[in-house]
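Each value in this text was obtained by applying a stated rule to the coordinates, not by laboratory testing. Predicted model, so just to flag it, every value in this text is computed and none were measured.
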Amino acid sequence: MNDFVIERLSGYAHSAWSGWMKYMFSKSMRGANGSLIIPAPLVARWERQSQTSYSDLPEQEKASDRAEAYRIIEILDASGA
């Protein structure tokens, strides 16, 4: 891999992480001391998803992961990798 591809993929990784954090923060409740409380239904969902292999996810959840894969493929295609 060349530096261009590494930088594009690194930028994507940061963007994906940043987007996820913004989403989590938007779904959480902020405590008086600045801590965040994640609602129990979301904790249960995310725990289930994190403990489930991709092949066992429902199709709707697989679609979200496929969308992420396509974004990575676009970066690789654009770089000629």
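Running a GNM on the chain with Cα contacts under 10 Å, which residue among SER55, SER28, SER18 ends up with the highest mean-square fluctuation? Ranking SER55, SER28, SER18 by mean-square fluctuation puts SER55 first. Dividing the summed -39500 (n - 2.57) terms of all DSSP H runs of n ≥ 4 by the residue count of the chain sets its mean residue ellipticity at 222 nm at -24000 deg cm²/dmol.
Compute the angle between helix 3-27 and the longest alpha-carbon principal axis of the chain, please, reported from 0 to 90 degrees and rounded to the nearest 10. Between the helix axis and the principal axis of the chain, the angle is about 20 degrees. Name the shape class, rounded, prolate or oblate, that the alpha-carbon gyration tensor gives for the chain, where a ≥ b ≥ c are the square roots of its eigenvalues, rounded holds for a/c under 1.5, and otherwise prolate holds if a/b is larger than b/c and oblate otherwise. The shape class here is oblate.
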